[in-house]
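First up is the structure itself, then whatever we jot down about it.
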Amino acid sequence: MASNTPNLNLLKKDPATDGNDTFNIQTMLNDNWDKIDAAVGEVREELKDINVPDASLTQKGIVQLSSATDSTAEDRAATPKAVKSAYDAATAAQITANAANTAAAGAQNTANAALTTSGTAESNAKNASIPRAMRFTGDLNGVTENGFYDGANMANAPSADWYYVEHMSHSQDPGNWRLQRATNFYDGVTYWRQLRAGTWTAWQTWGGNMPVIVSGNTVQYTQPTEYSFTKQTQNAYLLVGKFIPKGIGQLKIQAEVWGDTAAGLYVSAFPIDAITYTYGLIDWTTPLGTVINFNPPLLTGVFRSSSSGIVNVNVRHPIFLFLGTGTINTNMTIYVKNITVQYDVIN
């Protein structure tokens, strides 16, 4: 039985029921083709009025292809060629970055290794051009190796303060000839001394902010108390005065001394030459009137019989005044009073 298509209304025959009908060219072909042609014509007319916009980030539309890899356009579509070029460039960049990371890691490892070995002999050798002081706590008299040292409470140092110490030993005879310089950590005063033919000289001073003192009429210290001392042993002395000079240079000491004709006022400083005198157990806290039983290291000569004398002061150590006699006789009484120390300070 014949039927028609739903859209174009084309005529169709059913082979089962219309198989014996005569084929009608007009209805089966021409009319159907006319309907198809008319429908196609209508579609073409409609297509003429359709306007498809270019694609953008906000609407769909026509997109142009591009193989560029350096464009910033947002209305182009990348071709496979552009994608491959970008991929190749990214791969090359990753290889370069990996190499840089490897180099950086190597540099870090090298730095870590350098830090790890900074305290070794190898590192010290590499940094030999940047000398650093070695901590020292012993006796400066025993130093033989050339070098730089620092420390406090060092035996035979100018004082118990902190010092930077430079030491040089003679190239041929270091056991008998050496030079030391010690700079005070606090006031910058530098002291020097030499080992000459096996004997250390006294510390001498220069530099720093140390005031200079000169013998003058300004009384800086007085001790009017009268002391008497009866010598019982040959090496016995009585502590009768002590003071700390305000600088280095010269000062004048006066005192009234009488009794034994060999009696005198002994002026001493500790330590002046060596720590060996510390066995006498005397320091700044030792009270006046204390008897010591050893020969004090003299800073100057002996003042006798109401005389005065000039004392050269090279270091700002405590200066101690002792009453004693140079004779071996005992049981002799000697006296002292009105001790004065006079000097002017020059800044």
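The values are calculated or read from the model by the stated rules, or taken from the named source; none is laboratory data. Bear in mind the structure is a predicted one, so any value in this text is a computation, not a measurement. FYI the Cβ positions are ideal-geometry reconstructions off the backbone, even for glycines, and counts take in every protein chain you see.
Restricting the search to strands (runs of 3 or more DSSP E) fully inside the range 40-156 and requiring at least 2 residues that are within 30 Å of T183 (Cβ to Cβ) and either at pLDDT 75 or above or more than 32 Å from the chain's Cα centre (by Cα) (or both) gives 147-151.
Considering (1) within 24 Å of P211 (Cα to Cα); (2) under 28 Å from the mean Cα position of the chain (by Cα), the lone condition that H167 does not fulfil carries the number (1).
Considering only the range 199-220, state which residues are farther than 30 Å from Q254 by Cβ and either assigned to a strand (DSSP E or B) or at pLDDT 95 or above (or both). The answer is T199, W200. Within the range 157-191, the set of residues being in a strand (DSSP E or B), of a type in the set (F, W, Y) and either modelled with pLDDT of 90 or more or in contact with an Asp or Glu (Cβ under 8 Å, 6 or more places away or on another chain) (or both) comprises Y163, Y164. Exactly one residue out of A55, A89 is touching a Gly at 6+ places or on another chain (Cβ under 6 Å) and of a type outside the set (D, E), and it is A55.
Just one of G259, G264, G216 is in contact with a strand residue (DSSP E or B) (Cβ under 6 Å, 6 or more places away or on another chain), closer than 30 Å to Y186 by Cβ and surrounded by 14 or more Cβ atoms within 10 Å (Cβ to Cβ); which is it?
G216
Selection of first residues in the range 50-65 that are acidic (D, E) and of second residues that are not in a strand (DSSP E or B), restricted to Cβ pairs under 8 Å at least 6 apart or on distinct chains, gives the following pairs, ordered by first then second residue: D54/G61; D54/V63; D54/D75.
If you go through the range 269-288 one residue at a time, do you hit one that is on the phi < 0 side of the Ramachandran plot, assigned to a loop (DSSP other than H, G, I, E, B), of a type in the set (F, W, Y) and at pLDDT below 90? Scanning the range 269-288, I find at least one residue that is on the phi < 0 side of the Ramachandran plot, assigned to a loop (DSSP other than H, G, I, E, B), of a type in the set (F, W, Y) and at pLDDT below 90, so the answer is yes.
Name the single residue that is farthest from T205 (Cα to Cα) among those in the range 315-337 being surrounded by fewer than 19 Cβ atoms within 10 Å (Cβ to Cβ) and at pLDDT below 75. Selected residue: N331. Scanning the range 221-254 for residues that are in a loop (DSSP other than H, G, I, E, B) and over 43 Å from the mean Cα position of the chain (by Cα) gives P224, T225, E226, K231, Q232, T233, Q234, N235, A236.
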